[in-house]
Amino acid sequence: MPKRFSTLGRYPSTRLRRNRREDWSRRLVAEHKLSVDDLIWPVFVQEGKNARTPVDSMPGVDRLSVDLLVDAVKEARDLGIPAVALFPETDPKSKTPDGREAYNPGNLVCRATTAVKKAVPDIGIMTDVALDPFNSDGHDGIVRDGYVQNDETLDALIKQAIVQTEAGADIQAPSDMMDGRIGAIRKALDGKGFIHAQIMSYAAKYASAFYNPFRDAIGSSGALKGDKKTYQMDYANSDEALREVGFDIEEGADMVMVKPGLPYLDIVHRVKESFGVPTYAYQVSGEYAMLRGAADRGWLDWDKVLIETLTSFKRAGCDGILTYGAVDAARLLKSK
């Protein structure tokens, strides 16, 4: 037992179960509380009208056309969810090695952002800054001679962040893991007069096997050549994560994120303890698919494991969580 607990009581005069006996008492002594204010809902958008396409590897998750997306975001707003994160499924015909569709002001994610911001102005919109939805190689950056080029990619990411902000996005969320991209994007946004545009950096993003369903959802899984280990972090490392986070804060990140979530709660805790900045984690597609798939087979209770896992993020130090279960969680929290 840790030394600081050694004089805090002994059985039978001390009975820890006393505080657990009644529901009201458990609520009084709860150390961490999950709220709808902690939720960000990632949503996939597709071309078309009145179109909804289930993502087979993510039970209960659909790609939505812009009109249906607007309706879905209205529901999220009404449930009290503060923000949504938009991810596009890009037409393969628009994908190129340089990913230039990413900074086309008329691309799908920009059109979706404008439509949502016009219809639901009081919800935050977060957009991804990375080339993988637009790159014919399936990578987050521009590939030359089999290697993802860092500085060349920065130029594309800057343009992408600018057009998405111009479309109405409130938060730019670079997920690419190129060195120096936070500083470059911050400088560019400020130079365009977007001094209030927020940046949530995917500061510690690991090369994980938990991303595959997401790649199915945005249509990049078949395009990916090789892996992303030359720019995403090695899952064996934690000290390196603190260096990544520290650099991004120095470069102007307003908020930082750890990705994936549940297998990396130790990283979340270290980041929050070390820096004390707004810290988020992403309950990624593979985590969601495991829980929801098991629940659909009757092996787990979806409502219970959803709230339990999201609370574990809070316990580790998260100020908020990106989760595909945000709407379900919001309904459950509202019904309490």
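Any read-out appearing in this document is the output of simple, stated calculations on the displayed coordinates, not a laboratory observation. Everything numeric in this text was worked out from a predicted model, so none of it was measured. Neighbour counts are summed over all protein chains in view; Cβ atoms, including those assigned to glycine, are modelled from backbone coordinates with ideal geometry.
Using 0.36 nm per residue and subtracting the Cα-Cα separation, the extra length available between Arg20 and Asp122 on full extension is 32.8 nm.
Based on C-alpha pairs under 8 angstrom that are at least 6 apart in sequence, the chain has a relative contact order of 18 percent. Quick one: net charge of Ala72's neighbours, Cβ under 14 Å, K/R +1, D/E -1? Counting the neighbours of Ala72, the net charge comes to -1. When all alpha carbon pairs of region 21-106 are counted in 5 Å bins from zero, the resulting P(r) reads 3, 11, 16, 17, 15, 12, 8, 6, 5, 3, 2, 2, 0 %. Rounded to whole numbers, the Karplus 3J(HN,Hα) couplings from phi for region 115-131 are 5, 5, 5, 5, 7, 9, x, 9, 10, x, 10, 10, 10, 6, 10, 5, 9 Hz, using 6.51 cos²θ - 1.76 cosθ + 1.60 with θ = phi - 60°, and x at Gly and Pro. Here each label is just a point 7 Å from Cα along the line to Cβ, and for Arg27 and Asp301 those points are 1.8 nm apart. By the scheme Lys and Arg +1, Asp and Glu -1, what is the net charge of all other residues having a beta-carbon under 12 Å from that of Gly168? Net charge around Gly168: +1. Here Lys334 is the anchor, and the lysines within straight C-alpha reach of less than 20 Å, apart from those fewer than 8 places off in the same chain, are Lys33, Lys74, Lys304, Lys314. Sparsely packed loop sites in region 39-104 (the trypsin sites (Lys or Arg not before Pro) outside DSSP H, G, I, E and B with at most 10 other Cβ atoms within 10 Å) comprise Lys49. What FRET efficiency do you get for Arg144 and Ala207 if R0 is 25 Å and r is their Cβ-Cβ distance, rounded to the nearest 0.05? Calculated transfer efficiency: 0.80. Distance between the 7 Å Cα→Cβ label points at Glu240 and Glu273: 2.1 nm. Between Arg10 and Thr96, what length in nm is gained on full extension when 0.36 nm per residue of separation is reduced by their alpha carbon distance? Length gained, Arg10 through Thr96: 24.2 nm. If you model region 99-218 as an ellipsoid using its alpha carbon gyration tensor, with each semi-axis the square root of five times an eigenvalue, the axes come out at 23, 17, 14 Å, biggest first. FRET efficiency for the pair Glu308 and Arg111, taken as 1/(1 + (r/R0)^6) with r the Cβ-Cβ distance and R0 = 35 Å, rounds to 0.40.
Shown for His196, His269, His139, His32: other C-beta atoms within 10 Å of each C-beta, ranked fewest to most, produce the order His196, His32, His269, His139. Taken over the alpha carbons of region 250-321 as equal point scatterers, the Debye sum produces base-10 log I(q)/I(0) values at 0.17 Å⁻¹ of -0.62. Run lengths n ≥ 4 of DSSP H only: what is the helix-derived mean residue ellipticity at 222 nm for the chain, with -39500 (n - 2.57) per run over all residues, to the nearest 500? Result for the chain: -12000 deg cm²/dmol, rounded to the nearest 500. Place a point 7 Å from Cα of Asp266 in the direction of its Cβ. Which residues in region 282-316 have their backbone N less than 16 Å from it? Counting backbone N atoms under 16 Å from the label point, the list is 316. Can you bin every Cα-Cα distance in region 151-233 into 5 Å intervals starting at zero and give me the percent of pairs per bin, rounded to whole numbers? Histogramming region 151-233 at 5 Å steps yields 3, 13, 23, 21, 19, 13, 7, 1 percent.
With Cβ to Cβ distances under 11 Å as the rule, what net charge do the other residues near Asn107 carry (K, R +1; D, E -1)? It works out to a net charge of -1.
Computed extension gain for Asp155 through Ser221, at 0.36 nm per residue and net of the alpha carbon distance, reaches 21.3 nm.
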